[in-house]
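Worksheet for the structure shown next.
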Amino acid sequence: MLPHILHLSERQRRGLPVLVALLLYLGYLPFSGYDQLHHDALLYWYIAVEFLEPGHRFNFLAFDNSLRGYLWPLLLLPARVVAFFSGVSPIVFTRLIGALIAALLFGWAVPAVWRRYRPGSRQTLATQLLFVALGFAFWRDYFNFPLTDFPALLALLAALWCLLPPTPRGWQVVAAGALLGASLNLRSVYAIALPAVLVLVGVSAVGWRTRVVRLALLMLGLGAVLGPQLWLNVRHFNAYTPLVLTRYNPFDKHDALIDKLGWSLAVQKYETNIGPQHHAAQVLYFDPDGQALLRHLGQTEFATLGAYLQAISRHPATVAGIYARHLISGFDVKYPTPYLQELRPMRWGYRAANFGLLALGVAVLGLAALRGKFSLRQALVLLAVSLPCLAAVPTAMECRYLMPWHLLLLGALCFEGQHLLHWLRGNPRRWPVLVAAVLLVVGLALGFVWQLERNLAQPGELITG
């Protein structure tokens, strides 16, 4: 088989990781231990039928979910209809969709953007397959379920891929706008990446006329995807915004985002249980300092974002510590699944490997930064990927919220690790320093997660305010 691979064209070599990833997930997911959808995944599957009126007549304007964008349920609708009439289990269809997303994300999007983002990186078939393998090791069971995290990142990366050529064509800029709009509709937090993308379009063009034209084309594509959401918001909720709303219904005084920011002060990490071992679907790891802060404030809910910011501004050191623990918890990928069938012990080896790989990824990026290897365009791409992760830090942390950063660090290790290796070979004394630094990071991280496990909420234990 190896001689055949050696004679493949460049395009075929770049397509091979996609095929390998697709076959890997198609072969694995049916035996991953899940037989049905749960919680948010099930919700996305069922709200797809909101587009259908009695008699199975399609009506786009019938969709009236205030907290979910229209795009993902609309894309799921054909599979939903086929599953209904065929009697085939929904998870069969969502696995097929998930395998395709995994193949495109791990096999194409991240490596392809990296090639345009960092032209000096040397990608080989081996490094691309290594990245596919690492993505599989840490995230594989997520692709059973129709959650929006991975397709949203895929859409954002595809948008950046369209914009990164030195002189993108008009259709590429329009496509980038549409893909960016898709990521915003799938995951509202990606709206925070929009300013970085707009600046990227501006600095990539020469002359003000070209900048204006490209920005107009980007907005054209953006409007094509977000315009329908604006239409739905105005019709059903009298809300003149193209973004997905954060209120449960137009008459609800509570904002879901602000509510989450409030109680998240007391929660270091959040996971979802579907097995009989735990007492509830919510697996909460409390933050003792956050609990104490809410007791001091005498509340877990805030009326407005301003009230929340005013409250936390009076305790900057405590809140900074809470947010820092959120950040570390988000990188602690203990399970490769969003839905826990059982709560396992510490899993020392798995978590140590995860933190060790991430530490090496940080070392690779740090070395590149010290050598001044980042241009303004590259910094803007990094910012576009990073801002959604930063915006998620104040919330009750789930590992999928920091997944873009996780893949960024794994990508750095796979696609630019040779620069770190070359640097180490330049001076043998650097090896023990790096090994000691990585072991220190892993040791501190494992100490943190050991303490995290001790803060698991017990039956009947509530967030106190």
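The values are calculated or read from the model by the stated rules, or taken from the named source; none is laboratory data. Since this is a predicted model, take the numbers as computed values, not measurements. With ideal geometry, Cβ positions are generated from the backbone for all residues, glycine too; neighbour counts draw on all protein chains shown. Ligands, DNA and RNA are excluded from the accessible area calculation, which covers all protein heavy atoms including side chains. Shrake-Rupley method; radii C 1.70, N 1.55, O 1.52, S 1.80 Å.
In deg cm²/dmol and to the nearest 500, what is the mean residue ellipticity at 222 nm of the chain if only DSSP H runs of at least 4 residues count, each as -39500 (n - 2.57), divided by the residue total? The partial results should precede the final answer.
Details: 19 runs with 289 residues, N = 465.
Here the helix-only value at 222 nm equals -20500 deg cm²/dmol.
Carbon and sulfur: what percent of segment 1-146's accessible surface (1.4 Å probe)? Show your work: numbers first, answer last.
On the way: 4710 of 7100 Å².
That share works out to 66 percent.
Among the helices of the chain (complete DSSP H runs), which have Cα atoms covering no less than 27 Å along the helix axis and a Kyte-Doolittle mean of at least 0.0? Please report the intermediate quantities before stating the final value.
Values: long enough: 10-28 (28 Å, 0.39); 208-237 (39 Å, 0.73); 348-370 (32 Å, 1.43); 403-425 (31 Å, 0.61); 430-454 (37 Å, 1.44).
Helices passing the filter in the chain: 10-28, 208-237, 348-370, 403-425, 430-454.
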**Q.** Which label in (1) 28.8, 92; (2) 22.8, 74; (3) 22.3, 65 gives the computed Rg and Dmax of the Cα atoms in Å
**A.** (2)
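For the chain, with every protein chain kept in place, what is the accessible area per residue (1.4 Å probe, Å²)? Could the numbers behind the result be given before it?
Details: 21460 Å² over 465 residues.
Value for the chain: 46 Å² per residue.
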Q) In what order, largest first, do 435, 393 sit by accessible area if the probe radius is 1.4 Å? A) 435, 393
Q.
Rounded to the nearest percent, how much of the accessible area of segment 206-304 (1.4 Å probe, protein heavy atoms only) is carbon and sulfur?
A. 61
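Taking the Cα centre as origin and putting +1 on Lys and Arg beta-carbons and -1 on Asp and Glu beta-carbons, what dipole magnitude results for segment 1-146, to the nearest 20 debye?
So the dipole magnitude of segment 1-146 works out to roughly 780 debye.
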(Q) Please report the antiparallel percentage of DSSP beta bridges with both residues in the chain, rounded to the nearest 5. (A) 80
**Q.** Segment residue 425-residue 82, extension gain: residue separation times 0.36 nm, minus the distance between their alpha carbons
**A.** 117.7 nm
Q. Which loop trypsin sites (Lys or Arg not before Pro) in segment 239-298, with loop taken from DSSP, have no more than 12 other Cβ atoms within 10 angstrom of their Cβ?
A. 253
